[in-house]
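Visitor: Below is one structure. I have some questions about it.
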Amino acid sequence: MKTDHQPDPTKTVFLQTVGIALGSLKQQLQLDYERAYPELREVIHLVLDEEESRAWDLTLFPHLLLPDLVEAHVAKLNLRPVETKHEDIFAPRHFDEVETHHPAYALCG
């Protein structure tokens with residue numbers, strides 16, 4: 001008996017979201033490294049592709065590893081790392097602080 005296997009929509013959406021985030025991150029890393037090394041545009045592109053593939057082999061969260069993998073690869077090429085930290089892509093500094101000046105009430109019944 002043949003059954004049609006439907007892909008899990010949650011997994012599909014997750015992988016699409018990670019793919020989009022990774023693509024955006026790669027683009028930003030490409031710009032950062034090209035700014036520092038404009039004559040090495042093609043090399044940077046190859047490094048990013050190679051390390052993206054490696055990141056996918058290591059985890060389902062490749063966007064978390066990619067910057068460090070690229071930085072390590074660049075160091076092997078005897079190039080200095082570039083500033084890749086962008087304040088606009090991270091949560092604001094005190095985003096998790098809870099305002100405590102408003103009283104909270106709960107009814108127990």
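The values are calculated or read from the model by the stated rules, or taken from the named source; none is laboratory data. This structure is a prediction, so every number in the text was calculated from the model and none was measured. Don't worry about glycine lacking a Cβ; one is built from the backbone with ideal geometry, like all the others, and counts go over all protein chains shown. The accessibility values were calculated without ligands, DNA or RNA, using every heavy atom of the protein model including side chains. Shrake-Rupley method; radii C 1.70, N 1.55, O 1.52, S 1.80 Å.
Visitor: Take His73 and decide whether it is at pLDDT below 95, surrounded by 15 or more Cβ atoms within 10 Å (Cβ to Cβ) and not hydrophobic (A, V, I, L, M, F, W, C).
Guide: When the stated conditions are applied, His73 does not pass them.
Visitor: Can you tell me which condition Pro38 does not meet? The list is (1) exposed (fewer than 12 other Cβ atoms within 10 Å of the Cβ); (2) over 15 Å from Val74 (Cβ atoms); (3) not small (Gly, Ala, Ser), and all the others hold.
Guide: (2)
Visitor: Scan the stretch 16-48 residue by residue and report those that are within 14 Å of the chain's Cα centre (by Cα) and without any contact (Cβ under 8 Å) to a residue 24 or more places away in the chain.
Guide: Selection gives Gln16, Thr17, Gly19, Ile20, Gly23, Ser24, Gln27, Gln30, Leu48.
Visitor: Restricting attention to the stretch 41-63, which residues are among the polar types (S, T, N, Q) and either open to solvent by 60 Å² or more (accessible area, probe 1.4 Å) or closer than 12 Å to Lys26 by Cβ (or both)?
Guide: Result: Ser53, single match.
Visitor: Within the group Asp57, Asp88, which residue is modelled with pLDDT of 95 or more, under 24 Å from Gln16 (Cβ atoms) and more than 12 Å from the chain's Cα centre (by Cα)?
Guide: Answer to the check: Asp57.
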